[in-house]
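The values are calculated or read from the model by the stated rules, or taken from the named source; none is laboratory data. Since this is a predicted model, take the numbers as computed values, not measurements. Using ideal geometry, Cβ is built from the backbone for each residue, glycine included, and neighbour counts are taken over all protein chains shown.
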Amino acid sequence: MIHDIWWSLPLTLIVFFAARRLGGWLKTPLLNPLLVSMVVIIPLLLLSGTPYAHYFQGSKVLNDLLQPAVVALAFPLYEQLHQIRARWKSIISICFIGSVVAMFTGTAVALLMGATPQIAASILPKSVTTPIAMAVGGSIGGIPAISAVCVIFVGILGAVFGHTLLNRMHISTKASRGLAMGTASHALGTARCAELDYQEGAFGSLALVICGIFTSLLAPFMFPVIMALMG
């Protein structure tokens, strides 16, 4: 077993930036840097017998940068304040409806497929950022770790296929695209928006924040209602 994991940080950075460069050359969303990093690094950890805790400790600095990275999303919002003020009613309505639909659909599908209430509660907050999802899932009787996995899965799906779907639906307005991605696939979708268009990223950040608030407030009331309707 390899305990000296000084290589975990360089490995993560090399794989991430290589995937980003390759995705830029081939112009395909399937080469999402996060997805490629998982596909490459997880087998390497398994083959080398390196526990995840050791790998995480070696690249902990990246995790510590997540909080300032999220705070940095406020700057694009500031630059779009004039548009946000002009459209705030539409933005709030879209995020409210999107949050309710995201919670209802995921939970309802899980219950229809035979999931236990605990698993369904873990899936309910799948479309918000990981810290909020874990807190919400735990507060309504779910398993925070499963909530975190669902968030990552949904985020990757949105980042990989979201813009393709929007293009197929002929949705070209930057505000609409950003709000849709931020509502459905939280930070990963927002990051993808920011890579493609600055304004899309700003509206994705806005949806990310507002949907997180709505989900936190509505989840304790939504879950019993969904359980009653599906029961």
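Descriptive notes on the structure:
- Arg177 among the charged types (D, E, K, R), assigned to a helix (DSSP H, G or I) and modelled with pLDDT of 90 or more: yes
- Of all residues in the stretch 87-97, one or more are crowded, with 16+ Cβ neighbours inside 10 Å and of a type in the set (Val, Ile, Thr).
- The set of residues from the stretch 193-211 being surrounded by fewer than 24 Cβ atoms within 10 Å (Cβ to Cβ) and assigned to a helix (DSSP H, G or I) comprises Ala194, Glu195, Leu196, Tyr198, Gln199, Val209, Ile210.
- Inside the stretch 199-224, residues that are out of contact with any Cys (no Cβ under 8 Å at 6 or more places or on another chain) and among the small types (Gly, Ala, Ser) make up a count of 5.
- Residue match in the stretch 45-62 (condition: among the charged types (D, E, K, R), part of a helix (DSSP H, G or I), at pLDDT 75 or above and not assigned by TED's automatic domain parsing to the domain that holds Asn167): yes
- Among the residues listed as Ile42, Ile94, Ile14, Ile84, the single one being in a helix (DSSP H, G or I), touching a Leu at 6+ places or on another chain (Cβ under 9 Å) and modelled with pLDDT of 85 or more: Ile94
- Qualifying position, being touching a helix residue (DSSP H, G or I) at 6+ places or on another chain (Cβ under 6 Å) and either within 20 Å of Leu66 (Cα to Cα) or assigned by TED's automatic domain parsing to the domain that holds Arg21 (or both), among Arg192, Arg177: Arg192
- Within the set Val101, Val36, the sole residue that is part of a helix (DSSP H, G or I), at negative phi and touching a residue at least 12 places away in the same chain (Cβ under 8 Å) turns out to be Val36.
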